[in-house]
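I have placed the structure first, in the form of structure tokens, so that the comments after it can refer back to it.
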């Protein structure tokens, strides 16, 4: 069975501003089946942003679960993420979901995985998905030269789109903070 491929999600945090950018391409084998997918969105009351890589239905299930955890923990992202990761690792149904997420609020940016990982990225830069390593490398290289996290994210994603066949330049970007 052919697999859906193609996601690049990049998170950049500088100072009090955090940006999550995602490309729009979804591929099946060597065919682009959707060029403008929205893989980045606001969660809960809008105080959290997130982007996903992996199976779309799985990612939406995880976003819904995270929103419930945010409600239960009064918007505390770290606490909600840890509780989601516990469930994701131990629940029979959730354990089979194939997705990763980058989520952020005004203070924190995290990578969440199905292995139960809740990781705070070093240097305020995180990337996931098939083009994630390209975007991560570009963002790290540009980081000391570009102070605006949105400009940095756009440039890094453009570089990733040039070198990764599963990444395009149709970006969805969400920003939180000043």
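What the table shows:
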{"item": "Per principal axis, descending, Cα span of the chain in whole Å", "result": "44, 40, 24"}
{"item": "Spin-label pair residue 107/residue 86, simplified geometry with 7 Å Cα→Cβ offset, distance in nm", "result": "1.9 nm"}
{"item": "Most fluctuating residue given options 105, 87, 23, as computed from a GNM of the chain linking Cα atoms under 10 Å", "result": "87"}
{"item": "The chain: relative contact order as a whole-number percent, Cα under 8 Å and 6+ apart", "result": "33 percent"}
{"item": "Cβ-based exposure ranking for 40, 165, 82, in which fewest neighbours within 10 Å come first", "result": "165, 82, 40"}
{"item": "Global geometry of segment 95-178, whether rounded, prolate or oblate, following the gyration tensor of its Cα atoms and the 1.5 cut on a/c", "result": "oblate"}
{"item": "Gained length - residue 30 relative to residue 147, 0.36 nm times residue gap less alpha-carbon distance", "result": "38.5 nm"}
{"item": "Among 22, 11, 114: highest mean-square fluctuation, GNM of the chain, C-alpha pairs under 10 Å", "result": "114"}
{"item": "Exposure proxy ranking, count of Cβ atoms within 10 Å, fewest first, for 109, 157", "result": "109, 157"}
{"item": "Full-extension gain in nm, residue 45 to residue 98, via 0.36 nm per residue minus C-alpha separation", "result": "16.5 nm"}
{"item": "Most mobile listed residue (51, 75, 129) in the chain, GNM with C-alpha springs under 10 Å", "result": "75"}
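Coordinate-derived values only; no laboratory data. All values reported here derive from a predicted model rather than from experimental measurement. All Cβ positions, even for glycine, are placed from backbone atoms using ideal geometry, and neighbour counts span all protein chains on display.
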